[in-house]
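Let me begin by presenting the structure, written as structure tokens, before commenting on it.
The values are calculated or read from the model by the stated rules, or taken from the named source; none is laboratory data. What you are looking at is a predicted structure, and each value in this text was computed from that prediction instead of being measured. Note that we place each Cβ from the backbone using ideal geometry, even for glycine, and neighbour counts take in every protein chain shown. Please note that ligands, DNA and RNA were not included when accessible areas were found on the heavy atoms of the full protein model with its side chains. Shrake-Rupley method; radii C 1.70, N 1.55, O 1.52, S 1.80 Å.
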Amino acid sequence: MHQLASEVSKVYIPYVSSAVKLDRSILKGMESFMIGNKGPESFVEAQEEVYRFLEERYYPSFVVSNVYNKMITEADRVGVEFNKCFRVEDDGYNIDGSDSMASSGTGCTIPLSDHSSFAKAKLEQLDEKLSNKLQALDAIKNGPLMEGAKIIDMLEKEIAAMKSERLLLTLHIERTELWAERLGEWRVLVHSIEMVQEEKDRMAPLFLLVVHLNGEALTPNDEDDDEAEELPIKNWVVKRRIADFNDLSQKLSQIGTWVKNIELPKENRIRTRGLESRPSFDKTISMLQRFMDVR
């Protein structure tokens, strides 16, 4: 192993250091291993740094390249599954359209078609808990307990919270399945802007976006409305900040440099000037809509 480590250091480290900046402590640890003073942990750390660099710098453009497409086509032909995910630690779901289920937190991406499967499993667990709570409530209501009123009130609140969670989870499943079924047909309408208060009494813009199927009539209900039961499945509202648009732009620019040519509103300028004037409001909406409409 020490001989292999020495070869790796001589062949790769002088060249890798210019592209992948390894921490001085990692380099010292590698040297210490080669003279027998410590274990190979620093080589593992160096390997992780190289993986991270490749993933962030080159992987986004690779997955949309002809080379990748040919590789996947050939893999399908011979029966090799590249996209299979073996480790999943996050079975969460977010009804607001975020992608907590898109990543397991271990670098393993969950295929879109599997999102509703995780949610359905969680729904089954929730239904079981809800059933137990309902049975407990029924037993207490019909029992002789003197302190039943307090327990009944507690159980009723827990049951109400579970029913609300179940509603959101059901909507999430239906939307995810529809999203996968109609992939490529979805559009986003930048509907309106709110100025919300943050820490230190600073005001920040919050944008309401309507996610909808192309050509469908829009009924933009907020997911926080009390009448969530009437939310349409084919369009819904999500709330995003300027930072979210900038993050998306940065990710897209890795696979298409043309994204960098699309100007986004500056949050600091909006904070300072606000949205009191109609022209300022319209310009901000227009810039974001142009960004969302790019194909």
Mean Cβ neighbour count within 10 Å, used as a protection proxy, ranking 117-127, 255-265 highest first: 117-127, 255-265
- prompt: Which whole-Hz couplings ³J(HN,Hα) result when phi for each residue of region 199-207 is put into the Karplus expression 6.51 cos²θ - 1.76 cosθ + 1.60, θ = phi - 60°, listed in order with x for Gly and Pro?
  reply: 5, 6, 6, 7, 9, 9, x, 10, 9
- request: For Ser192, enumerate residues with amide H under 5 Å from its amide H, sequence gap 5+ or separate chain, H modeled in the peptide plane.
  value: Leu208
Members of Lys120/Lys157; Lys157/Lys234; Lys239/Lys283; Lys21/Lys200; Lys120/Lys266 lying beyond 29 Å, as alpha-carbon distances in this model show: Lys157/Lys234; Lys21/Lys200; Lys120/Lys266
query: With every protein chain in place, what's the accessible area of Val196 (1.4 Å probe, Å², nearest 10)?
result: 30 Å²
statement: By the C-alpha gyration tensor axes a ≥ b ≥ c (rounded if a/c is under 1.5, else prolate when a/b exceeds b/c, else oblate), the shape of region 158-199 is oblate
message: What figure, in Å² to the nearest 10, do you get for the accessible area of Tyr59 with a 1.4 Å probe and non-protein molecules left out?
response: 110 Å²
- prompt: Hey, what does the equivalent ellipsoid look like for region 122-206, semi-axes from the Cα gyration tensor as sqrt of 5 times each eigenvalue, largest first, whole Å?
  reply: 39, 24, 8
